[in-house]
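Undergrad: Sharing a structure, written as structure tokens. Questions coming.
What follows is calculated from the coordinates using simple rules that are stated; it is not laboratory data. Being a predicted model, the structure only gives us computed values, none of them experimental. When we count neighbours, we look across all protein chains shown, and the Cβ atoms used for this are built from the backbone with ideal geometry, even at glycine.
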Amino acid sequence: MKLTWLKDVATDPGPSVSVYVDATRDRATGAHDIDLRWQEARSALAGQGAPEPALAALDAVAAEPTGVGGHVGRALVATATGLQLDLVLASPPQREEATTGPVAHLMPLVRSMADDVRYVLVELDRAGADVTVARTGAVVGRERRTVEGGHDLLHKGSGDNRAEHRYQRTVQDSWDHNAAAVASDLADLVRRERPDVVLVTGDPKAMASLKDKAPAALASVMCEVKGGGRAAGTREKAFEANVAAALDVVRTRRRQAVVDEFAQERGRQGRAVEGLDPVVSALRAGQVRTLLLVDDPTSTDQLWTGPGPLEVATTREDLDVLGVSDVVQVRADAALVRALAASDAEIELVRQPEEDEDPPVSLADGIGALLRYAV
């Protein structure tokens with residue numbers, strides 16, 4: 001996952017206040033519970049020395065409705081200059097947190113978005129398609145629109161005379177023209193939105209026509225999902241399960257591609273590193289392309305950092321040698337995310353294996369990195 005979208009928040013000079021809460025309001029007391037939890041968190045933050053202007057900025061939004069139903073979470077970051085981030089998450093955080101410090105604590109947000117998939121759902125019939133643009137990690141502006149091909153001869157007859165054959169060819173042409181209109185619209189959408197996958201469902205003949213008309217860039221990200229469509233009578237739960245399974249395949253392939261590349265490059269001189277000291281050194285040099293991190297929400301590890309986001313080290317002495325002043329010790333995961341966002345690098349969280357499972361990849365200190373260039 002690229003962290004460019006977090007660069008402004010991650011590199012803000014701070015101090016920052018970071019809050020992650022369960023924003024679910026499906027109970028009669030939901031609003032009261034959220035307000036009560038915020039007041040408790042506010043008191044704790046004030047005790048930690050959080051700047052009052054940041055707390056005031058959070059007061060204005062922390063207990064307000066998200067406008068989204070169901071079980072959702074909320075990520076909030078504020079500084080003395082005001083609210084920096086307010087994002088509704090597709091599910092509550094693993095645990096609620098409220099912290100303040102010189103660096104924004106963004107790892108819970110990264111964790112919530114780590115499996116995010118940007119996708120397009122295309123529900124087809126022979127006249128056109130309903131198109132939904134969405135993502136799985138955050139509740140953001142979901143786009144939904146309809147594409148109609150404009151050709152309305154849609155049903156073939158069963159006769160075998162010459163006139164009937166001409167009519168059937170005309171109907172087939174209508175299908176093809178409608179499919180071409182949908183394919184053109186989707187191709188523009190893929191160029192603009194760069195989704196991870198385009199899920200296609202609906203009428204089999206319409207899907208066949210779309211596949212035939214799809215340009216290479218669209219065809220490369222298309223995936224058929226059974227059970228959906230524009231017609232009434234769709235079994236919603238079964239279709240939703242099929243969509244979820246297709247998105248899981250995307251996540252698994254994406255993660256495995258990073259792990260496989262790391263395993264391959266680790267055997268080459270200077271193309272990958274592992275272990276906290278080598279990875280932090282590479283971060284400091286702006287050398288990291290993708291960080292692999294064994295996800296441990298309970299970690300209390302710390303790193304040293306200066307005012308600059310790439311001024312990061314495992315010991316204070318390393319920064320002293322470089323002449324870095326105003327050095328502080330912060331959460332390791334906060335310093336890592338700040339450095340990655342500042343250097344336009346990516347992160348891949350590797351799941352902690354169960355006791356009877358083999359790890360997906362063995363990493364010294366639970367951390368490794370693919371490098372932009374070898375040294």
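Undergrad: Counting only DSSP beta bridges with both residues in the chain, what percent are antiparallel, rounded to the nearest 5?
TA: The antiparallel proportion sits near 75 percent.
Undergrad: Could I have the simple spin-label model distance between Ser91 and Val321, label points 7 Å from Cα toward Cβ, reported in nm to one decimal?
TA: So the label points at Ser91 and Val321 sit 4.3 nm apart.
Undergrad: If you don't mind, there's one more thing I want to ask. Do any trypsin sites (Lys or Arg not before Pro) in the range 82-146 lie in a DSSP loop with no more than 16 other beta carbon atoms within 10 Å, and if so, which?
TA: For trypsin sites (Lys or Arg not before Pro) across the range 82-146 that sit outside H, G, I, E and B with at most 16 neighbouring Cβ atoms in 10 Å, the list reads Arg95, Arg142.
Undergrad: Treat each spin label as a single point 7 Å out from the Cα along the C-beta direction, and report the Glu224 to Leu36 distance in nm.
TA: The modelled label-to-label distance comes out at 5.4 nm.
Undergrad: Return the label of the correct value of Rg and Dmax of the Cα atoms in Å, as calculated from the structure shown, out of (i) 23.6, 85; (ii) 22.1, 75; (iii) 25.2, 90.
TA: Among (i) 23.6, 85; (ii) 22.1, 75; (iii) 25.2, 90, the one derived from this structure is (iii).
Undergrad: Which shape class, rounded, prolate or oblate, goes with the range 227-375 when its Cα gyration tensor gives a ≥ b ≥ c as root eigenvalues, a/c under 1.5 marks rounded, and past that a/b bigger than b/c marks prolate? Don't jump to the answer; show the numbers that get you there.
TA: Numbers: a/c = 2.46, a/b = 2.09, b/c = 1.18.
Prolate.
Undergrad: Here's another thing I want to ask about it. By count of other Cβ within 10 Å, fewest leading, how are Phe262, Phe239 ordered?
TA: Phe239, Phe262
Undergrad: With a Förster radius of 45 Å, plug the Cβ-Cβ distance of Leu276 and Lys205 into 1/(1 + (r/R0)^6) and report the FRET value to the nearest 0.05.
TA: Computed FRET efficiency for Leu276 and Lys205 comes out at 0.20.
Undergrad: Given Cα pairs under 8 Å that are at least 6 residues apart, what percent is the relative contact order of the chain? If you can, show how the numbers build up before the last one.
TA: Values: 715 pairs, mean separation 63.1, N = 375.
Relative contact order comes out at 17 percent.
Undergrad: So what is the 222 nm mean residue ellipticity for the chain from helices alone, if each DSSP H run of at least 4 adds -39500 (n - 2.57) and you divide by all residues, rounding to the nearest 500 deg cm²/dmol?
TA: Numbers: 11 runs with 139 residues, N = 375.
So the calculated ellipticity at 222 nm is -11500 deg cm²/dmol.
Undergrad: Under the rule of at least 5 residues apart or a separate chain, name every residue whose amide H is placed under 5 Å from the amide H of Gly228.
TA: Gly202
Undergrad: Remind me, relative contact order of the range 266-371 in percent, using alpha carbon pairs under 8 angstrom and six or more residues apart?
TA: Relative contact order here is 44 percent.
Undergrad: Please order Thr298, Thr136, Thr201, Thr315 by the number of other Cβ within 10 Å, starting at the fewest.
TA: On the way: Thr298 6, Thr136 18, Thr201 24, Thr315 12.
The most exposed by this proxy come first: Thr298, Thr315, Thr136, Thr201.
Undergrad: Another question about this same structure. Among the helices of the chain (complete DSSP H runs), which have Cα atoms covering no less than 27 Å along the helix axis and a Kyte-Doolittle mean of at least -0.5?
TA: Once both thresholds are applied, what remains is 236-265.
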